[in-house]
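The values are calculated or read from the model by the stated rules, or taken from the named source; none is laboratory data. Not measured: the values here are computed from a predicted model. Neighbour counts are summed over all protein chains in view; Cβ atoms, including those assigned to glycine, are modelled from backbone coordinates with ideal geometry.
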């Protein structure tokens with residue numbers, strides 16, 4: 001009984017931490033995980049519960065990070081593609097609907113992940129055992145993704161130009177040490193410029209409409225959630241491949257670029273990725289994310305063999321359920337509060353405040369070098385929009401350096 005209460009309490013605490021990191025651009029659950037790791041020496045027997053807190057934070061973060069992407073255009077690596085469709089829904093008075101759609105998609109993805117857990121184990125480790133084959137094919141998968149992204153654009157030559165330009169920029173920028181006040185990565189200013197600031201600058205100056213706060217009936221498309229959950233499972237086993245890269249592949253193959261579908265698919269991928277990262281940790285003892293690495297350092301991880309889930313994987317899954325349910329309502333609550341008040345300011349003022357907020361975050365986390373990266377990335381993002389090339393093409397900033405890393 002005591003263990004059950006502790007699981008609930010630490011899951012709720014982790015959900016709160018994940019909500020904070022999700023709402024503040026530039027912060028990540030890895031920061032929370034590292035902080036808990038540093039104080040674990042005084043925690044003693046609480047290490048297991050700290051790990052439950054980390055798992056809950058990792059799941060909660062994937063729910064709440066839609067909020068800054070939607071209302072201020074501040075993306076993370078996993079939400080870069082969602083900025084434009086979510087912001088366009090805000091301009092139509094549907095900002096709360098975008099938030100609700102994302103939250104429901106993430107919640108539905110968790111349910112599908114539980115259904116896919118045993119087949120996932122059987123295919124990768126069980127009778128089929130495809131894990132090694134898939135891992136060795138990563139660079140070729142990335143090359144195929146690149147070709148699909150370019151060829152499926154309306155203007156392939158323009159897309160190739162933007163993709164290569166983004167890739168060259170990524171090769172240079174991602175190798176720069178941008179740590180300033182805290183340990184940070186150049187990925188944040190790069191994506192904030194490519195997908196956030198450029199979208200805000202390119203937006204038409206108009207009055208921000210009153211946001212619809214009615215609880216409308218949101219219809220999830222099964223293939224959006226299903227393809228998102230499946231893509232998330234692949235992200236968890238492909239080293240270096242992000243949710244946005246997986247979303248780029250899914251959206252390009254399906255040729256589905258409706259605002260609602262982009263938001264739904266990417267939200268499902270983000271949440272399912274962290275779910276399956278946890279599964280991979282217990283299946284192969286490999287950490288595919290910072291939070292999984294900290295868990296592996298804090299406790300002894302028992303390998304998952306056979307039909308019975310190992311301890312404490314079962315406790316972590318309980319934390320996932322608690323965090324998902326609470327985060328769903330928390331995301332909708334925060335989204336409704338912001339949507340209710342955001343129309344009180346002019347759109348021009350919103351753009352200026354959003355740009356200044358993103359720029360300030362870039363300076364705080366990455367300093368002057370990060371600001372330089374942010375400026376160049378914004379210029380490339382604006383070029384992409386002016387050439388009428390699909391925004392996903394800018395994911396070359398991550399794909400090209402990753403391909404080169406595998407071949408060098």
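Tell me, yes or no, whether segment 317-328 has at least one residue that is crowded, with 16+ Cβ neighbours inside 10 Å, within 29 Å of residue 211 (Cα to Cα) and at pLDDT below 95. For segment 317-328, residues crowded, with 16+ Cβ neighbours inside 10 Å, within 29 Å of residue 211 (Cα to Cα) and at pLDDT below 95: absent. If I filter segment 359-408 down to residues being touching a helix residue (DSSP H, G or I) at 6+ places or on another chain (Cβ under 9 Å) and not in a helix (DSSP H, G or I), which single residue comes out as nearest to residue 257 (Cα to Cα)? Per the stated criteria, the residue is 390.
The residue pairs whose first member lies in segment 338-358 and is outside any helix (DSSP H, G or I), whose second member is modelled with pLDDT of 80 or more and buried (at least 18 other Cβ atoms within 10 Å of the Cβ), and whose beta carbons are closer than 6 Å, counting only pairs six or more residues apart or on different chains, are 343/211. Looking only at residues of segment 235-274 that are more than 15 Å from the chain's Cα centre (by Cα) and more than 20 Å from residue 141 (Cα to Cα), we find that the one that is modelled with the lowest pLDDT is 256.
Being surrounded by fewer than 24 Cβ atoms within 10 Å (Cβ to Cβ), modelled with pLDDT of 70 or more and under 23 Å from residue 263 (Cβ atoms) is a condition met by at least one residue of segment 24-45. Each residue in segment 294-312 was checked for being surrounded by 18 or more Cβ atoms within 10 Å (Cβ to Cβ) and assigned to a helix (DSSP H, G or I), and 3 of them qualify. On inspection, residue 176 qualifies as surrounded by fewer than 23 Cβ atoms within 10 Å (Cβ to Cβ), within 26 Å of residue 30 (Cβ to Cβ) and out of contact with any strand residue (DSSP E or B) (no Cβ under 6 Å at 6 or more places or on another chain).
Within segment 372-390, not a single residue is free of Cβ contacts under 8 Å to residues at least 40 places away in the same chain and surrounded by 19 or more Cβ atoms within 10 Å (Cβ to Cβ).
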